[in-house]
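Novice: Would you mind keeping the following structure in view while I ask a few things?
Throughout, read-outs are computed from the coordinates displayed, never taken from laboratory work. A quick note: this is a predicted structure, and the numbers were derived from the prediction, not measured. Methodologically, a virtual Cβ is constructed for each residue, glycine included, from the backbone with ideal geometry; neighbour enumeration extends over all protein chains shown.
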Amino acid sequence: MRTCWRASEATAWFLAALAGAGLALALSSCGGFDHLTRVQSSIPLSKDCAACHVDIAREWTASPHAAAWSSADFRAASNGYRFSACLPCHAPEPAWSSRAPSVARAGDRQEGVTCVSCHLEPATAESPAAMAGPLPPTGMVSPHPVTVRPERYRDAAFCGRCHEGTYRQWRQAAPADKPPCQQCHMPAIRRKMTQATGGISGLLVAMEKAEVERRHTFDPLPRSLEAPPVTLSARRRDEQIELVLRNRLPHAIPTGEFGFRVCVIRVEDESGPLARQELSAHGGTALPAGGELRWRLNRRDPGAWPRRLRVRLAKLHPDGRASEWFVLEVPVP
Amino acid sequence: MSAKVRRFQGAEIVFHWAQALPILALLVTGGMLLVRRALGLHGPAQAALAWWHKAFAGGLGLVACLALTLSLAADNWRPLWRTLGECLRWRPADFVWLLKAPVKLIWPRLPMPPAGRFNPGQKLNLLLQALLLIGFLVTGVWMMAVRGALLPWILHAGLFAAACLLVLVHLFLALVNPFTRRALPAMLTGQVSQEYAADHHGLTQGKTQPDRSPMVSRLALAATLAAAGGLAAWGVHAVGTGELRHRLSRIVAGGGSDLLTPGPLCASHEQAVGEGGCLACHSLTQRPSSASCLACHQEISLAMRERRGYHGRLEGECRTCHGDHRGREADIRPLDERTFNHALARFDLDGPHRRLDCRQCHLRQDGPAGAKTRYIGTRYGACRQCHANPHGDARADDCLRCHTPSAWKGRLAFDHDRDSRFRLDGRHADLACRACHATGRASAATGGLTTAPPRGSSSSDPATRAGSLAEFRLFGLAATCADCHQDPHAGKLGADCRTCHSEAGWKQRELKFVHNRDSGFVLWGAHATLACEKCHRPAPGRTLAGATLRGLGRRCDQCHKDPHAGQFKTTCDGCHNQDAWKGRLLVDPHGAGATFRLAGKHAALQCRQCHVPAAEGAPLASARFADLGGRCQDCHEDPHRGGMSSSACQTCHRETTWKGKDLLFAHDRHSQFRIDPLHRGVSCDGCHSSGESATYRGLDETCEGCHSDVVAAMAGGAAAGSDRARPDPHSGRVRCVQCHEPSKTGQAQADFARACASCHGARYERLFFDWCVSLAERRAQATAKLAQWPADSPARKELQQKLRQAARLHFHNLRAAVGLYDEVQAAGGPAPR
């Protein structure tokens, strides 16, 4: 027994060494995790992040941020990426780099507004490059350093670095407790931050706790709002229906400085459309935060009053399609 | 030899003789003057004596002045003053001496008070002599200054008597009287014997006892008196007692005037003076005045008052020219008949008068002497005195009206214009006298107009001009024209020829008649250049004068036929006047006040372009003038074919502004479409087409109305180049004017950029410029690409079409334009050869 025991001890040590080496090998064969935070001629690609942050990556891929560069509209609007003024926001440097957001990313621009654009904190003299976020690391091991900056990531000003016009509108909006951008456009969800796709990543992100975090959909027309974006009130006035639509959002409807920003509002009664109005973020026809639209609508039937009115808010596309966003109904007293 | 004492100083001696000799000379000459006057001896010697007398007087005066000066200046002449002082010092004893002196004459031994250097008699003598000399000087100067005054002469003569006495006594005592004769050397050498001095001038020798020595020798006195008497007797004898008596009686009778008179008066004065004596002409203290002359010479006085004749022009006193006392036969008139300038008598002798003898005019047939010459008071003007009046008309008695002594016959001084009541003006002046005056009436043989002198006579020949005096009818020729000339107007123009005619001549060019002033018809313009006969047509063979001069009508149609065939209701002078009858000289019928004014191009037209004469080559006057119609349509076809309001051509068109940029059409005012600055530079046919298809009304006023292609292109689709072309986001949302500011004439890129930024924000300005650059680059590239193709290939045409389309689109549909450029760029190149 003693001999075996001595041999197993050696073997154990040999096996452990082997395991360790294998682990080290395995770890090194993953490519290391430096690439996750290394910004040189190329940046950490989203697919790298997606290896672990699967859900977030999936949401992001479907979001406008991912198409910020690759969309045909942007390509045309930037004259085939020739207009350099557009590029710093559509392919930004990591947000907290010294050059952001006045300079476009040198490489991998097709990523658009990618993970590292918001989350990468470049290396400084004191600290290495790290990923920043509002939450502390939830897993046991993180392959990249993490910096926790809740005040930064929960502040509308962060979005305002690129979305300047909308942020300006948000700032000028009246209510003091107005929600920041993230609240509506990155809806909250309770889940784990990472969903591993492979063995090693699984290993690394095992035993993570689910937290309330934000979905990275960046939906321009979020539907899951706590309250409707507009409030309606209608009443009879003389022989007409007076409809008042009030913008409850902390920014204008529609908002945005570039691109085709047109919102169409259709007012219908039971029988059919009564009014149609286009609001454009350009040209001053947007409904400002807290602003009202008033309609004096003629009754379809002079003898009868409609019981309720339906208001449809939709986003208008350049080709004439409308993406419906909200439909509200209001009774006509 | 007794001792000598100095009695007289040198100065005294010199002075004594220096005055004694002139005094003697004066006394002698004065005495001779007086005696000769008293004896009535007048002649040139008197004047010579008077001259010498004055010369000596002057010499004496000189001596006196010299003595005075020397006595004051030189010491050795002081004795003169001492002498004078001594003579002026009189003591009571001197008066006693004087009183005793005449008694001493009888009683030589009468004790006399002793005398000083000068005994009182000598003193008296000196003083009296001095006084006399002063008196002589004063009266002598007075006589010379006021010649003819009597008083100074009388005084002078009176003083002479006293002086004579004094000097004779002095001479007796100095030369004859033995007792005083011894003192003569004293006045030669200055010294006298002491004994003499003691006897006669005791005081100088210190003697105070009375002087008993005799002074005057009675014997010497008696002898002297006897001698003087003898001399006087001889003188009387020499002259003749009768003569003397006569003279004396005359002197007495004349009141002493004979004594005074320097010469006999002329015969007439002697007669006139008569008993008046000297005082008839002379006064005591004044010169003989002219008043006394003129008191008798009344005629001269009258002449002088009336300033007539010779004396009428003279100023001054009679005595200046007329002196008397020259003798009975003397002619006191300083008249030299040969050299007398008759003009001084205010009567020029001219002509033949000058050659006459004085007496031929100045002879008077009156007076006691019969015919005598009469100069004073002879008046001129009585030609009849010498000349008979040949004219046989008492009105011609006033010879001087026509004749002067130098112009008596033939060429008279008679000036018809001045001296008759009929001025010879113009042609009248060229006539011979006889032409009017010979018979008094015009000669009927010359047809009533005597315009030329009688044949064969020359008006410059006095003989023919004058004719026979008896024939001349000088007066009473009537002065009206009709008296000589026959009226060719047969009385139609009245009796006053002078309204039109003057003596300058009868012919037209000499007429005073000025048509414009003197007739009721003003000639101007063409009428003014016409000859009179054109309007006042004389009958054949008759002169203008016989033609109808008055009563011709004044209306145009009385002379001119109306070529307008009665078109005009107004009178001819509405358009025509005498200046402007034909052609473009008309009183401007289209000027102010006309119904149809010619302005602009109308003014440049020929009349006959609008007023077309009826036939080719017919005169313009026959054309239609009135009622041509003043609307544009009446002459001009409407090119707008009623497209405009037809009644208002003038809104846009005027005669000066018919076409093009001169049109008055103001889009903003005259149409409903206000042309904004953006469209200001667009030519009319840019919107309204041109030519046949020009439409002015009813055009679409929206942008889309004209720019439908742009609007369609913005909406996408085929109009934008391809069916796939999407509409521009601005289409239907942004109004054209939001980018194309209508208030700006030019469309600048900066304005578009600002337009972009005004909706989209400041960043879009940069974006716009970036797109401009990009489009330009694309265009350049596409053009370069195009150039690769051969010129006529259909591929090139197609690409060219796309290029053109893209260029038209640009910002109106940016995506489509970019797409087109990219298509051109993407099109393959031509196949290599």
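Novice: Pairing the Cα long axis of helix B:92-106 with the longest principal axis of chain B, what angle in degrees results, from 0 to 90 and rounded to the nearest 10?
Specialist: For B:92-106 against chain B, the angle is about 50 degrees.
Novice: Using just the helices of the protein assembly as shown, give the 222 nm mean residue ellipticity in deg cm²/dmol: DSSP H runs with n ≥ 4 each add -39,500 (n - 2.57), and the total is spread over all residues, rounded to 500.
Specialist: Numbers: 48 runs with 439 residues, N = 1166.
For the protein assembly as shown, the value works out to -10500 deg cm²/dmol.
Novice: Using a 10 Å cut-off around each Cβ, can you sort B:L356, B:L549 from fewest to most neighbouring Cβ atoms? Spell out each step's value before the answer.
Specialist: Details: B:L356 13, B:L549 18.
Going from sparsest to densest Cβ surroundings: B:L356, B:L549.
Novice: Same structure, new question: For the range A:59-140, what ratio Rg/Rh do Cα atoms give with a Kirkwood hydrodynamic radius? Mind dumping the intermediate values first?
Specialist: Numbers: Rg = 14.2 Å, Rh = 13.6 Å.
Using only Cα positions, Rg/Rh for the range A:59-140 is 1.04.
Novice: Let me ask you something else. As a test, work out the antiparallel percent of DSSP beta bridges whose residues both lie in the range A:37-214, rounded to the nearest 5.
Specialist: Values: 7 of 11 bridges.
Bridges in the range A:37-214 are about 65 percent antiparallel.
Novice: From other protein chains only, count the Cβ atoms within 10 Å of every residue's Cβ in A:68-81, then give the mean.
Specialist: Partner-chain Cβ atoms within 10 Å, mean over residues of A:68-81: 2.
Novice: With point charges of +1 on the Cβ of Lys and Arg and -1 on the Cβ of Asp and Glu, referenced to the Cα centre of the range B:54-133, which listed residue (B:L98, B:A73, B:L60) lies farthest in the positive direction of the dipole?
Specialist: Comparing the listed Cα positions along the dipole, B:L98 ranks first.
Novice: Taking each residue in B:600-612, count the Cβ atoms of any other chain within 10 Å of its Cβ, then average. What number comes out?
Specialist: Numbers: counts 0, 0, 0, 0, 0, 0, 0, 0, 0, 0, 0, 0, 0.
For this peptide, the per-residue mean of nearby foreign Cβ atoms is 0.
Novice: Could you list the trypsin sites (Lys or Arg not before Pro) in the range B:31-133 that lie in coil according to DSSP, counting only those with at most 13 other Cβ atoms within 10 Å of their Cβ?
Specialist: Numbers: sites: B:R36, B:R37, B:K54, B:R82, B:R89, B:K100, B:K104, B:R109, B:R117, B:K123; in loops: B:R89, B:R109, B:R117.
Counting only loop positions with at most 13 other Cβ atoms within 10 Å, the trypsin sites (Lys or Arg not before Pro) in the range B:31-133 are B:R89, B:R109.
Novice: Near the amide H of A:H53, under 5 Å away, which other amide H atoms are found, from residues 5 or more places off or on another chain, if H is placed in the peptide plane?
Specialist: Here A:Q195 satisfy the definition.
Novice: Mind listing the phi-derived Karplus ³J(HN,Hα) values for the range B:186-199, rounded to whole Hz, using 6.51, -1.76 and 1.60 with θ = phi - 60°, and x for any glycine or proline?
Specialist: 4, 8, 10, 9, x, 10, 9, 5, 4, 4, 4, 5, 5, 5
Novice: Under 22 Å between alpha carbons, and skipping anything fewer than 8 positions from B:K744 in its own chain: which lysines qualify?
Specialist: Cα-Cα hits under 22 Å: B:K661.
Novice: How many Cβ atoms of partner chains, on average, are near each residue of A:281-289 if near means within 10 Å of its Cβ?
Specialist: Details: counts 3, 10, 7, 2, 2, 0, 0, 0, 0.
Per residue, the number of nearby Cβ atoms from other chains is 3 on average.
Novice: Hey, another quick one. Near B:K100, which aspartates and glutamates are there with a Cα under 15 Å away, not counting those fewer than 8 places off in the same chain?
Specialist: B:D211
Novice: Around A:L274, which amide H atoms from residues at least 5 apart in sequence, or from another chain, sit under 5 Å from its own amide H, with H modelled in the peptide plane?
Specialist: Long-range HN contacts for A:L274: A:V267, A:E268, A:D269.
Novice: If you don't mind, there's one more thing I want to ask. Tell me which aspartates and glutamates have Cα within less than 18 Å of B:K797's Cα, excluding those fewer than 8 residues away on the same chain?
Specialist: The reachable aspartates and glutamates, counting only those whose Cα sits under 18 Å from B:K797, are B:D822, B:E823.
Novice: Then there is this: How do B:V96, B:V63 line up, fewest other C-beta atoms within 10 Å first? Mind showing how you got there, number by number?
Specialist: Details: B:V96 14, B:V63 19.
Ordered from fewest to most neighbouring Cβ atoms within 10 Å, B:V96, B:V63 come out as B:V96, B:V63.
Novice: Shifting gears a bit: For B:H246, A:H119, B:H16, what's the fewest-to-most ordering of other Cβ within 10 Å of each Cβ? Intermediate values should be presented prior to the final figure.
Specialist: Values: B:H246 12, A:H119 24, B:H16 16.
Final ranking by Cβ density, sparse to dense: B:H246, B:H16, A:H119.
Novice: Okay, moving on. According to the Kirkwood expression over distinct Cα-Cα pairs, how big is the hydrodynamic radius of the range B:520-577, in Å?
Specialist: Evaluated over the range B:520-577, this radius sits at 13.2 Å.
Novice: Turning to a different aspect of this structure: How large is Rg over Rh for the protein assembly as shown, taking Rg from the Cα atoms and Rh as the Kirkwood inverse mean of 1/r across Cα pairs? Mind dumping the intermediate values first?
Specialist: Details: Rg = 82.5 Å, Rh = 52.8 Å.
Answer for the protein assembly as shown: 1.56.
Novice: Report, by chain and number, residues whose modeled amide H sits under 5 Å from the one on A:W325, excluding near sequence neighbours (fewer than 5 apart, same chain).
Specialist: Excluding prolines and chain starts, which carry no amide H, the hits are A:L313, A:A314, A:K315.
Novice: Treating the Cα atoms of the range B:60-190 as identical point scatterers in vacuum, please give the log10 of the normalised Debye intensity I(q)/I(0) at q = 0.09, 0.16 Å⁻¹, two decimals.
Specialist: For the range B:60-190 at q = 0.09, 0.16 Å⁻¹, log10 I(q)/I(0) is -0.36, -1.03.
Novice: Can you give the Rg/Rh ratio of chain B, where Rg is from the C-alpha atoms and Rh is the Kirkwood radius?
Specialist: Values: Rg = 70.7 Å, Rh = 46.1 Å.
The Rg/Rh ratio comes out at 1.53.
Novice: Which of the trypsin sites (Lys or Arg not before Pro) found in the range B:244-346 are in a DSSP loop and have at most 11 neighbouring Cβ atoms, other than their own, within 10 Å?
Specialist: On the way: sites: B:R245, B:R247, B:R250, B:R305, B:R307, B:R308, B:R313, B:R319, B:R326, B:R328, B:R338, B:R346; in loops: B:R307, B:R308, B:R313, B:R326, B:R328, B:R338, B:R346.
Here the sparse-neighbourhood loop sites are B:R307, B:R338.
Novice: Any chance you could list P(r) for chain A, counting all Cα-Cα pairs in 20 angstrom bins from zero, rounded to whole %?
Specialist: Reading the bins upward from 0: 26, 45, 21, 7, 2, 0.
Novice: For B:L105 paired with B:R6, estimate the spin-label separation in nm (one decimal), with each label point 7 Å from Cα along the Cα-to-Cβ line.
Specialist: 3.6
Novice: Also, I was wondering about something else. Are there any GluC sites (Glu not before Pro) in the range B:302-361 that are in a DSSP loop and have at most 15 other Cβ atoms within 10 Å? List them by number. List each step's numbers first, then the result.
Specialist: Numbers: sites: B:E306, B:E315, B:E317, B:E329, B:E337; in loops: B:E315, B:E317, B:E329, B:E337.
Answer by residue number: B:E315, B:E317, B:E329, B:E337.
Novice: Distance cut-off 20 Å, Cα to Cα: go down the list B:K492/B:K512; B:K4/B:K207; A:K47/A:K192; B:K54/B:K123 and report the pairs above it.
Specialist: Working: B:K492/B:K512 18 Å; B:K4/B:K207 16 Å; A:K47/A:K192 18 Å; B:K54/B:K123 28 Å.
Distance filter (> 20 Å) returns B:K54/B:K123.
Novice: Also, I was wondering about something else. Show me, for the range B:151-158, the HN-Hα J-couplings you get by feeding each phi into the Karplus relation (A = 6.51, B = -1.76, C = 1.60, θ = phi - 60°), rounded to Hz, glycine and proline as x.
Specialist: Those phi angles translate into 4, x, 5, 5, 5, 4, 5, x Hz.
Novice: Once you wrap a convex hull around the alpha carbon atoms of the range A:96-170, what is its projected area averaged over all directions, in nm²? Mind showing how you got there, number by number?
Specialist: Values: hull surface 24.9 nm².
Result: 6.2 nm².
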